[in-house]
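Undergrad: Let me give you the structure first, and then I'll get to my questions.
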Amino acid sequence: MKVFISGNIAPVGLKQLEENNITITQWKENRQITAEELIEACKDQDALVSVGPNKLNAGFLNACKHLKVIALHSVGFDQVDLDTAKKLNIPIGNTPGVLSGATADTAFLLMLAVSRKAFFSHKKIIQGEWKNYEPSPELGIEVKGKTLGIFGLGKIGLEMARKCAAAYQMKVIYHNRSRNEDAEKEIDAEYVSFETLLSQSDVLSIHTALTPETQDKFTIDIFKQMKPNSIFINTARGGIHNEKDLIRALEEKIIWGAGLDVTNPEPMDKDNPLLAMENVAVLPHIGSATEETRAAMAKIIVQNVVAGLKGEQLPFEVK
Ligand code: DGY
C-alpha cells in the first residue's frame, strides 16, 4: 500500500507507517504543493496525508476518487468538501483532542502578549529604541479577575477557559450552538447570547470551526458591540474575522487589542498594518506546533491511514 504525504509530519508517524509496510512518498519542497501537483502526486497512491491548507474540494476528490482514505494533519476540516467525500466513499480522518492543550496555550500566550504589549516592546529592543528605564512607556492592562468570553466552547475553548480561570480567576462566559453543561459544572462557565458575549467580554477568544455560519462573522458591526478595552484573540481560523474590519476596529480604538495565530489570508503580508500596532501580537499559525503534540497527531494519522487502507472504520473520522 502507498501513501502520499503533502508536507512534514513527526518522525514517529513515518516510522509507524513503514512498520505497517506502507510505502511513503513525501512532498519535500519548501512551499505548499499546488492543487494540480497534488492531484498528480496522488495518482498512483492509496492514501493521502494532507498537511497544510490544500483545498480538498470536489475537483480534487473527483480526480482522486481511488483514494481509500484521506488523513488530515489537523483537527480543522474546513478545507474538505465533506459531501463529495461522502458521495465518493472516501473516509476523512482528523486529529481531535491531542492538540487542545497546545492550541489553548497559544491563545493564552497571545492574550498575555497583547495585554502587556510584549511583541511591540520586543521590537523596540531590536530596533535599538531601548535607551533608558521608562516607568510609563506604552502601558499594558491586566487580565486578573476580568471576564473571558469563549466563542465555541469545545475541547480547545475549555482548555483556554481552564487556564484563565486557574491563573487569573477570570469569570468565563461562552456562546455555542448548544450548551456545554460539563464545562458549566467544571469551571462555572455561563452560557450567554452572542450579543452578551460581545458586550461583556474583556477578552474574547475564538475557538469555533470555520463554517458558512462563522465565516466573516467578526465584522466592524460586531467589533462595535465589544468593549473599548477588550482584547480579541483568534487561534481558530482567519476566515472567522474580517481582517480589514479588525484593522479599522483597532485603528479607531473600537477595541483595545488583538492576538492572532491565524490570519486572512495566510501567510500574512509582512507589510500588514497589524504588525506595526502596539496592542497586536501575531503568530504564523503555530497553535499546535510542539514536539509532543505533533508526535501525538502523527500517531493518530497512522491509525487513520492503517484503518482506512484495511477498509475499516477510522478511529478519528470526520462525520
Ligand atoms: C488544526 O489542527 O486545525 C490546526 O489549525 C492546523 O491547521
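Undergrad: Can you tell me the length gained on complete extension of the stretch S121 to Q225, counting 0.36 nm per residue apart and subtracting the Cα distance?
TA: 34.5 nm
Undergrad: Would you pull out the residues with amide H under 5 Å of V282's amide H, same chain only if 5 or more places away, H placed 1.01 Å from N?
TA: Amide H to amide H, under 5 Å and 5 or more residues apart or across chains, V282 pairs with L260.
Undergrad: For the range 149-206 and the range 304-319, write down the distance between their C-alpha centroids in whole Å.
TA: What the calculation gives is 33 Å, centre to centre.
Undergrad: Sort 117-130, 189-202, 49-62 for me by packing, meaning the mean count of neighbouring Cβ atoms within 10 Å per residue, highest on top.
TA: Highest mean packing first, the order is 49-62, 189-202, 117-130.
Undergrad: To continue, here is another question. Based on DSSP, what percent of beta bridges with both residues in the chain are antiparallel, to the nearest 5?
TA: So the antiparallel bridges amount to about 5 percent of the total.
Undergrad: Now a separate question. Using only alpha-carbon positions, what ratio does the radius of gyration of the range 168-319 give when scaled by 2.2 N^0.38 Å?
TA: Rounded to two decimals, the normalised Rg is 1.22.
Undergrad: Evaluate the relative contact order of the range 149-308 (contact order divided by residue number), counting alpha-carbon pairs under 8 angstrom at least 6 apart; express in whole percent.
TA: Reported relative contact order: 17 percent.
Undergrad: Using Cα pairs closer than 8 Å and at least 6 residues apart in sequence, work out the relative contact order for the range 193-258, in percent.
TA: Across the range 193-258, relative contact order equals 38 percent.
Undergrad: Looking only at G154, G287, G145, which one moves most when the chain is put into a Gaussian network model with springs between Cα atoms under 10 Å?
TA: In this elastic network of the chain, the residue with the biggest mean-square fluctuation among G154, G287, G145 is G145.
Undergrad: Name the aspartates and glutamates eligible as straight-distance cross-link partners of K217: C-alpha to C-alpha under 20 Å, and not fewer than 8 places from it in the same chain.
TA: K217 reaches D78, E195, D202, E243, D245, E251, E252, D261, E266.
Undergrad: Considering only Q303, C164, N176, whose Cα is most displaced toward the positive end of the charge dipole of the range 154-311, charges sitting on Cβ of Lys, Arg (+1) and Asp, Glu (-1)?
TA: Of the candidates, Q303 comes out farthest on the positive side.
Undergrad: Considering only protein heavy atoms, what per residue accessible area in square angstrom results for the chain with a 1.4 angstrom probe?
TA: Per-residue accessible area for the chain comes out at 50 Å².
Undergrad: Also: What figure in square angstrom, to the nearest 10, would you give for the accessible area of R294 with a 1.4 Å probe?
TA: Around 70 Å² of this residue is reachable by solvent.
Undergrad: Take the chain, connect every pair of alpha-carbon atoms lying under 10 Å apart with a spring to form a Gaussian network, then pick out the residue of L139, L99, L260 with the largest mean-square fluctuation.
TA: Result for the chain, Cα springs under 10 Å: L139 fluctuates most.
Undergrad: Straight-line reach from K185: which aspartates and glutamates fall under 19 Å, measuring Cα to Cα and dropping same-chain residues less than 8 apart?
TA: E159
Undergrad: Could you tell me the relative contact order of the chain? Use alpha-carbon pairs under 8 Å, at least six residues apart, and round to a whole percent.
TA: Relative contact order, the chain: 21 percent.
Undergrad: For each pair in K87/K299; K123/K155; K155/K299; K55/K253, compute the distance between the two Cα atoms and list the pairs where it is over 25 Å.
TA: K87/K299; K123/K155; K55/K253
Undergrad: When the chain is treated as a GNM, springs tying every alpha-carbon pair under 10 Å, which of N242, N234, N89 comes out with the largest mean-square fluctuation?
TA: N89
Undergrad: Quick one: with all protein chains in place, what share of the accessible area of the range 100-282 is carbon or sulfur, to the nearest percent (1.4 Å probe)?
TA: C and S atoms contribute 51 percent here.
Undergrad: Please go through the residue pairs K15/K65; K43/K68; K15/K86; K124/K224 and name each one whose alpha carbons sit more than 20 Å apart in this structure.
TA: Pairs exceeding the cut-off: K15/K65; K15/K86; K124/K224.
The values are calculated or read from the model by the stated rules, or taken from the named source; none is laboratory data. Remember, it's a predicted structure, so these values are computed and weren't measured experimentally. Quick reminder, even Gly has a Cβ in these numbers, built from the backbone with ideal geometry, and neighbours come from all protein chains shown. Surface accessibility is based on the protein's heavy atoms, side chains included, excluding ligands, DNA and RNA. Shrake-Rupley method; radii C 1.70, N 1.55, O 1.52, S 1.80 Å.
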